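Structure first, then comments.
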Amino acid sequence: MITSRLLRAGWAPAFALGLVAVAVLILLANVALPPDSALYVPGYAVSLMGKYLCYALLALAIDLVWGYVGILSLGHGAFFALGGYAMGMYLMRQIGSRGTYGNPVLPDFMVFLNWPELPWYWLGFDQFWFAALMVLLVPGALAFVFGWFAFRSRVSGVYLSIITQAMTYALLLAFFRNDMGFGGNNGLTDFKDLLGFSLQADATRAGLFLASAVLLAAAFLLCRAITRSRFGKVLIAIRDAESRTRFLGYRVESYKLLVFTLSAMMAGVAGALYVPQVGIINPGEFAPANSIEAVIWVAVGGRGTLIGPIIGAVTVNFGKTVFTNLLPEFWLFALGALFILVTLVLPKGIVGAVQSAARSWRDRPGRRKADAVAAEVPR
């Protein structure tokens with residue numbers, strides 16, 4: 001009995017701890033094993049898996065609003081990209097005179113475009129603490145302003161989804177402009193170091209991978225605490241019966257606004273972790289297709305489960321890596337077929353299907369015992 005209680009109460013911390021433990025084992029397989037070992041994990045694979053973890057954090061952020069509040073956001077790619085740009089601006093400021101043009105203040109693209117001085121909105125990004133703050137504040141502020149108008153106007157359903165996608169597309173067009181001061185079509189790249197550590201060093205890449213795993217685990221525990229609390233119960237009530245919840249006296253708009261802002265901040269953190277591991281951030285990250293693909297990760301894993309989006313993001317992106325190497329021109333068709341298959345066959349996703357199968361398996365012995373007892377009763 002004690003064991004079962006511990007399992008019921010502590011599976012979430014155990015999952016988070018297991019996630020970090022697996023990341024540590026991967027790093028040990030990269031650092032401690034010789035390259036000719038069958039269990040050796042090469043450096044490029046560590047960076048690739050770090051990117052998967054960033055995508056998993058983005059999927060978790062989407063699940064918090066879609067799975068538990070019913071807000072289908074098709075614009076979370078914008079928050080992800082804004083967090084990435086905030087980190088990219090810090091990394092660009094760290095280049096200094098090591099750039100192609102040797103300017104200690106202006107990034108190379110500004111020198112090329114004859115910018116006379118650094119724009120005011122780049123000030124402060126030479127400090128890591130300021131950039132980390134902006135990673136949270138910029139996506140959070142945009143989500144707050146957007147949500148303030150959308151939720152108070154009671155925009156919901158497919159209309160809200162379309163508006164979020166329109167917001168993402170508008171940012172895509174804006175960041176493509178050279179006069180915005182974010183590198184235009186080329187974006188920000190040629191990063192050198194982070195906190196004084198070279199981004200080309202294996203140790204730095206390993207540290208970024210471990211940081212991604214730790215922050216993903218922390219975000220999972222935070223989402224778990226929110227959804228299991230009284231606040232989370234209200235969110236589920238809003239998802240299932242918004243009108244009734246509003247009739248009971250709850251300020252539905254405030255609940256939606258708070259969780260939408262928090263979700264955007266989580267997506268911004270995911271983008272900030274993503275940029276130093278891939279080495280570039282450009283307006284393509286704002287593409288509406290990226291937000292739609294992230295929603296597919298959540299659907300495949302199982303929305304409203306927290307674990308499902310993590311599994312879905314890692315699984316789909318691993319499949320994308322393998323499939324694009326074999327048949328790159330057919331990947332989008334395969335992704336669309338996967339979404340249709342999940343919708344028709346596994347509407348609750350992978351985790352939902354496993355949970356249903358587990359419940360059926362648990363109920364089966366009980367039914368057999370009841371049938372046996374009924375058979376022994378004299379008539």
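The values are calculated or read from the model by the stated rules, or taken from the named source; none is laboratory data. Remember, predicted model here, so these are calculated numbers, not experimental data. Please note: Cβ atoms are built from the backbone with ideal geometry, for glycine as well, and neighbour counts cover all protein chains shown. Accessible surface is based on the protein model in full, side chains and every heavy atom, while ligands, DNA and RNA are left aside. Shrake-Rupley method; radii C 1.70, N 1.55, O 1.52, S 1.80 Å.
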- [ ] Could you tell me which of rounded, prolate or oblate describes the range 1-152, using a ≥ b ≥ c as the square roots of the eigenvalues of the alpha-carbon gyration tensor, with rounded for a/c under 1.5 and, failing that, prolate when a/b is larger than b/c and oblate otherwise?
- [x] oblate
Task: Accessible surface of THR204 - all protein chains present, 1.4 Å probe, nearest 10 Å² - done: 20 Å²
TODO: Treating each Cα of the range 83-124 as an identical point scatterer and ignoring solvent, apply the Debye formula and state log10 I(q)/I(0) at q = 0.15, 0.18, 0.21 Å⁻¹.
DONE: -0.32, -0.47, -0.64
TODO: Using only the alpha-carbon atoms of the range 174-216, report the extent along each of the three principal axes, biggest first, to the nearest angstrom.
DONE: 36, 23, 14
Task: Cα centroid separation, the range 34-78 to the range 223-250 (Å) - done: 27 Å
Open item on the list: Please list 3J(HN,Hα) in residue order for the range 291-298, calculated via the Karplus relation 6.51 cos²θ - 1.76 cosθ + 1.60 where θ = phi - 60°; whole Hz, with x for glycine and proline.
Closed with: 5, 5, 5, 5, 5, 5, 4, 5
- [ ] Give the accessible surface of the range 146-279 per residue, rounded to a whole number of Å², with probe radius 1.4 Å and ligands, DNA and RNA excluded.
- [x] 49 Å²
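Scaled to the compact-protein estimate 2.2 N^0.38 Å, what is the alpha-carbon radius of gyration of the chain, rounded to two decimal places?
1.11
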Open item on the list: Check which residues have an amide H placed less than 5 Å from VAL41's amide H, if you skip close sequence neighbours.
Closed with: ASN30
Task: Overall Cα dimensions of the range 258-352, principal axis frame, Å, largest first - done: 35, 34, 20
TODO: Give me the angle, in degrees from 0 to 90, between the Cα long axis of helix 202-228 and the longest principal axis of the Cα atoms of the chain, rounded to the nearest 10.
DONE: 40 degrees
- [ ] Kindly provide the helix-only [θ] at 222 nm of the chain, computed as the sum of -39,500 (n - 2.57) over DSSP H runs of four or more divided by all residues, to the nearest 500 deg cm²/dmol?
- [x] -25000 deg cm²/dmol
Task: Mean accessible surface per residue for the range 1-125, computed with a 1.4 Å probe while every protein chain stays in place, in Å² - done: 47 Å²
- [ ] Compute the acute angle (0 to 90°) between the alpha-carbon long axis of helix 43-69 and the principal axis of greatest extent of the alpha-carbon atoms of the chain; round to the nearest 10°.
- [x] 60 degrees
Task: For the chain, size of Cβ-based charge dipole, Lys and Arg +1, Asp and Glu -1, in debye - done: 2020 debye
- [ ] Any chance you could give the angle, 0 to 90 degrees and rounded to 10, that helix 349-376 forms with the longest Cα principal axis of the chain?
- [x] 10 degrees
TODO: Would you kindly find the accessible area of LYS192, with a 1.4 Å probe and non-protein molecules such as ligands, DNA and RNA excluded, rounding to the nearest 10 Å²?
DONE: 60 Å²
TODO: With a 1.4 Å probe and all protein chains in place, put ASP363, ASP63, ASP240 in order of accessible area, largest first.
DONE: ASP240, ASP363, ASP63
- [ ] Could you look at the chain and say what percent of its accessible area is carbon and sulfur, using a 1.4 Å probe and all protein chains?
- [x] 67 percent
Task: Area accessible to solvent at MET167, 1.4 Å probe radius, in Å² - done: 30 Å²
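Explain nothing, just the number: relative contact order of the chain, from Cα pairs under 8 Å at least 6 residues apart, as a whole percent. Mind showing how you got there, number by number?
Details: 516 pairs, mean separation 111.7, N = 379.
RCO, the chain: 29 percent.
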Open item on the list: Please compute the Kirkwood hydrodynamic radius of the range 274-329 from all pairs of different C-alpha atoms, in Å with one decimal.
Closed with: 12.5 Å
Task: For the range 65-193, alpha-carbon Rg and Dmax in angstrom - done: 17.0, 52
